[in-house]
Amino acid sequence: MNALLAAAVEVQEFLQARRWPFCFIGGLAVAWWGMPRATQDLDLTLYAGYGAEEGFIQPLLERFEARVAEAADFARWSRTLLLRTSGGVPVDLALGAIPFEERMVARATPHAFAPGAAIVTCSAEDLVVLKAFAGRDRDWTDVEGILVRQRGRLEWNCIRRELAPLAEAREAPDLLARLDQLRRRLDA
């Protein structure tokens, strides 16, 4: 098992032992659902809701090294806890609170990346939503890889239902149009 997977297992075991709702989202999820690319950190969402963040932040900081000074304050402000595993792998842990994040975590499933490494990742549909919403060039490249690899298997109604209100909140209605254009071009 490589260092990144070992780090994912370490974080996952900590979260599962507490029965906290979570899923991996970034590069690991892209590796499973799309076209694998090099990644050196872990990205995940822990559904914390609003008002209960302290019950998650403090135990995580007691177990994992913080990557920034005043990590708890930073997490309260940004809703992202920046950690490092015992092997030195950076972890960006989002403290989820919106309904989409709650549904995404509920839909997450484990996938066997290697023997002893069944990692809980978001669904392919939720990954498309996350990547389209983030909207960076690298994210659109990831979306394209997911559409190609998952051709004919994506639940487009779910993607549109989840992305539409996020695009509206961000005042970026072009996200849906860009995704539709990419879908047509790839015949996905």
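The table that follows gives values for the structure above.
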| read-out | value |
| --- | --- |
| Options V148, V91, V105, V129: the member that is in contact (Cβ under 8 Å) with a residue 60 or more places away in the chain and over 18 Å from R37 (Cα atoms) | V105 |
| Selected residue (only one of V143, V105 is at pLDDT 95 or above, assigned to a helix (DSSP H, G or I), assigned by TED's automatic domain parsing to the domain that holds L4 and within 17 Å of the chain's Cα centre (by Cα)) | V105 |
| Test: residue in region 11-22 that is closer than 21 Å to C122 by Cα, assigned by TED's automatic domain parsing to the domain that holds P115, modelled with pLDDT of 95 or more and assigned to a strand (DSSP E or B) | yes |
| Residue satisfying all of: in region 34-73; touching a residue at least 60 places away in the same chain (Cβ under 8 Å) and of a type outside the set (D, E, K, R); surrounded by the fewest Cβ atoms within 10 Å (Cβ to Cβ) among these | M35 |
| Any hit, region 121-133, residues being surrounded by fewer than 16 Cβ atoms within 10 Å (Cβ to Cβ), modelled with pLDDT of 95 or more and not acidic (D, E) | no |
| Residue within region 111-124 that is under 12 Å from the mean Cα position of the chain (by Cα), in a helix (DSSP H, G or I) and touching a residue at least 24 places away in the same chain (Cβ under 8 Å) present | yes |
| From the options A94, A106, A75, residue that is among the small types (G, A, S) and farther than 18 Å from Q12 by Cβ | A75 |
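The values are calculated or read from the model by the stated rules, or taken from the named source; none is laboratory data. The structure presented is a predicted model; accordingly, all values stated were derived computationally and were not measured. Note: ideal-geometry Cβ built from the backbone for every residue, glycine included; neighbour counts use all protein chains shown.
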